[in-house]
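The values are calculated or read from the model by the stated rules, or taken from the named source; none is laboratory data. Just so you know, these numbers come straight off a predicted model, no measurement behind them. Cβ placement follows ideal geometry from the backbone for every residue including glycine, while neighbour counts extend to all protein chains displayed. Accessible surface areas use protein heavy atoms only, side chains included; no ligands, DNA or RNA. Shrake-Rupley method; radii C 1.70, N 1.55, O 1.52, S 1.80 Å.
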Amino acid sequence: MSTLRLETHEDVGAVLRERLAGFVRTLRDNGFKVGLAETRDALQLIRTTLVKHPKSLKAAYRCLFCGRQSDWKRFDELFDAYWLERGLKTGVKVTGSSPKKGMKTIRELMDAQGTKQETLAGDVERQPGEEDEDSDDTPTGRREGASIAENLGQVDFRNMQDPDALEKAHDLAERLARAMRVRLTRRDRQRRKGPRLDLRKTIRHSIAHGGTPIELIRKGPRHRQLRLVILLDASGSMNNYTSVFTRFVHGMLDNFREAEAFLFHTRLVHVSSALSERDAARALDRMGLMAQGIGGGTKIGEALADFNRWHAARVIHSRTCVIILSDGYDTGDPAALGEEMKRLRRRCKRIVWLNPLIGCEGYEPTAGGMQAALPHVDLFAPAHNLDSLAALEPYLAEL
């Protein structure tokens, strides 16, 4: 039967508190936003009769610790791995006081203290030979999917050979971009006076006053929204990354009022209208028809010259961040590239260069084109996996 496993200890309460602390650390290591208030409430729950019934305790903790849909999907896997030693996958980080062999279950510890346990409906003791539908031998698709998603976040795109894994990476890249877009466009500026009360920050500030909301925090819209201009390298040297980057850019541009996208190889193509299609397949088909010559050579300097001459005045203002997705291999004149980067830098607020080769061990930006561009770049960062793309959001949020 399903029972929480704990080490033998004279003080059951001390063991429970120690294990709970380890579980909270496990949730934080796996991206859950768990604070002191949630930990305090969890401690209160574990002191009740729920501790005798793992299923009820799991349901209560799920409601307490899960603030996002992604948390809700992964919570059962983490709870079972930590407390019940079931369904543990390699992509799940389990820290704290981990289970060991020979532990007494919580039911045995309670019995040792003379506490009578009643049997719950659904908490059935299985006889030898009976199949356990929840055993790790038959993992559910939901748990398996959560582990795959977490693993894909750290895999270099050029190492993805399995078509199914690559398709999952495409979907994850687009979902990541959509989530980033929503957070960046809906983020409000905190103000002393404003039309709306920021309840979350007001409650947080009231903790210092014993829970009394003495200081009211208000929020209002930003004066001017950040604009993104994305330049995507679609040359032959970027073949292993272009498909994922294209889906990421599609997710950013889909109904995004303040964004423009350009694709370049030996020439520059404006692809915002194609990538604004809601359907990803239609968007990619349209982009393919518009951008003939994908997979050829690279002339970054000439592409930037076309952008500065024909598009920059229209799509760039003082709060524009230009993002260049390229490995920096240029067949043109490095001096010309440096001059165009200098002209571009004078127009926009920031230039971010995302280079997938930074994720390769021992990489140095020694290429002539990259050397010419770097003095004009505000952020030079990797873009070899999904985690590196997600790391871009905090930087954009500060602009």
Only one residue in 261, 283 is modelled with pLDDT of 85 or more, open to solvent by less than 30 Å² (accessible area, probe 1.4 Å) and either farther than 21 Å from residue 391 by Cα or not in a helix (DSSP H, G or I) (or both), so which one is that?
261
Evaluate the stretch 369-391: report whether one residue or more is over 22 Å from residue 249 (Cα atoms), open to solvent by 70 Å² or more (accessible area, probe 1.4 Å) and without any contact (Cβ under 8 Å) to a residue 12 or more places away in the chain.
no
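Determine which member of the set 378, 327, 306 is closer than 26 Å to residue 247 by Cβ and in contact with a Pro (Cβ under 7 Å, 6 or more places away or on another chain).
327
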Mind checking which pairs have a first residue in the stretch 287-315 that is farther than 20 Å from residue 327 by Cβ and a second that is assigned to a helix (DSSP H, G or I) and open to solvent by 50 Å² or more (accessible area, probe 1.4 Å), Cβ under 6 Å, 6 or more apart or different chains?
308/343; 312/347
Scanning for something under 23 Å from residue 386 (Cα atoms), of a type outside the set (Gly, Ala, Ser) and surrounded by 15 or more Cβ atoms within 10 Å (Cβ to Cβ), does the stretch 341-348 turn up at least one residue?
no
Do we have any residue at all in the stretch 134-156 that's outside any loop (DSSP other than H, G, I, E, B) and at pLDDT 75 or above?
yes
When the stretch 11-69 is checked residue by residue, the ones that are of a type in the set (Lys, Arg) and within 19 Å of residue 203 (Cβ to Cβ) are 33, 40, 68
If you go through the stretch 172-197, how many residues are at pLDDT 80 or above and exposed (fewer than 15 other Cβ atoms within 10 Å of the Cβ)?
1
Quick test for you: out of 236, 295, 301, pick the one residue that is at pLDDT below 85 and open to solvent by less than 50 Å² (accessible area, probe 1.4 Å).
295
